[in-house]
Amino acid sequence: MNILRIDGSMGEGGGQILRYSLALSALLLQPVEVYNIRAKRSNPGLRPQHLTTVKALAELTKAEVEGAHVGSSRLVFKPVERRCGDFTFDIGTAGSVSLVIQAILPVLLFSDCSSRVTIKGGTNVPMSPPIDYMIHVFTYNLRHFGVNVDIKLHRRGHYPRGGGLVELRVNPVKQPLTPINKVSRGKPVKLFITSHAVKLPHHVAKRQADSALNILRKYINVEPRVEIETYPPERDPHLGPGSGILVYVETDMDVRLGGDSLGEKGKPAEKVGEEAALSLIEDYETGMAFDKHMGDMLIPYMFLARGESIAGVSRITMHLATAVEVAKLFIPSARVGVQGEIGKPGIVRITGVSFSP
């Protein structure tokens with residue numbers, strides 16, 4: 001099979017191009033060369049957290065790999081076969097567990113048996129969906145494709161120390177993915193607030209939740225379910241300190257939209273709660289079915305599904321546009337239409353290729 005060459009500086013020019021390229025390469029067993037890796041970033045080339053994704057997908061496909069070292073601007077990845085079973089991957093830093101899950105999930109879905117993957121690293125870190133979002137929003141929305149995934153959080157890991165522990169369980173699909181048709185979000189039926197603080201006082205998590213609740217009540221007329229997660233100092237297993245919050249709404253169209261924020265030194269807990277609430281409200285007010293983070297995560301599954309999928313997204317992001325461009329290189333027979341401008345609400349229509357293992 002000819003090797004597919006992908007310019008890592010296209011689109012937003014970050015690590016996402018590498019992740020999506022390797023995810024689709026591993027799934028389709030299509031050899032790929034990615035060059036100009038992260039060319040538009042201040043510290044271009046592979047970083048340690050990207051190497052975990054490379055090594056994980058190499059193990060899941062018995063791939064031959066060239067250029068897998070920190071700072072490398074070129075990577076060649078030649079997968080052999082899709083594997084399944086029990087695996088453990090250690091990012092070794094506070095690198096994002098969520099982004100590793102994004103990359104390895106497609107190949108596990110289309111393998112021959114169920115898999116259990118333990119991942120160590122950062123669960124609540126900057127520039128990445130928190131693990132809470134992956135558990136409560138991402139997996140919930142993927143159900144509509146016929147995807148059965150379970151993510152369990154055993155221990156949180158915050159920047160810079162990491163130390164998080166997450167278990168991913170994946171049941172393979174037996175037939176092509178079901179296309180989705182979700183444009184409008186519908187009416188809210190449930191509202192959730194989950195706020196945590198580790199190696200910090202209980203009041204930090206409580207203040208985050210209270211701040212978010214004060215804002216959400218003005219926009220979403222549903223009584224919220226509030227979960228506060230803290231630990232007594234003598235029984236706190238985390239490396240910490242760290243805090244964060246996820247707020248998400250479930251609608252009568254059976255979709256969830258979420259907003260999140262991370263605590264950091266010197267940032268008031270009230271500000272953390274406010275950021276999460278405003279992020280959700282911004283997406284919620286567009287009336288679209290999916291929030292800005294979910295938009296680009298849907299793309300690979302829409303390309304693989306059986307027939308036309310239609311998704312309304314609160315914002316056409318550069319991440320979404322880049323995901324589409326990468327997927328088109330691997331799956332050129334899919335028909336794609338994106339209605340809307342970058343930074344504005346839009347509708348994505350993709351006629352998938354009915355991929356099956």
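The values are calculated or read from the model by the stated rules, or taken from the named source; none is laboratory data. Fair warning: this is a prediction, and the values are worked out from it, not measured in the lab. Cβ sites come from the backbone with ideal geometry, for glycine too, and all protein chains shown count toward neighbours. For accessibility, only protein heavy atoms count, side chains too; no ligands or nucleic acids. Shrake-Rupley method; radii C 1.70, N 1.55, O 1.52, S 1.80 Å.
Checked against a 32 Å cut-off, the cross-linked pairs LYS40/LYS199; LYS40/LYS328; LYS182/LYS218; LYS62/LYS174 give Cα-Cα distances beyond that limit for LYS40/LYS199. Taking each residue as 0.36 nm, the span from THR178 to ASP252 lengthens on full extension beyond its C-alpha to C-alpha distance by 24.7 nm.
Straight-line reach from LYS152: taking Cα to Cα under 19 Å and skipping same-chain neighbours fewer than 8 places apart, the lysines in range are LYS120. For the range 1-92, GluC sites (Glu not before Pro) meeting the loop criterion (DSSP other than H, G, I, E, B) and having at most 13 other Cβ atoms within 10 Å: GLU81.
Here the peptides 183-192, 337-346, 211-220 are ranked by packing, the mean other Cβ count within 10 Å, and the order with the highest first is 211-220, 183-192, 337-346. With the simple spin-label model, which puts each label point 7 Å out from Cα in the Cβ direction, the CYS113 to GLN339 separation comes to 4.6 nm. To put it simply, the accessible area of the range 1-78 at a 1.4 Å probe is 46 percent carbon and sulfur.
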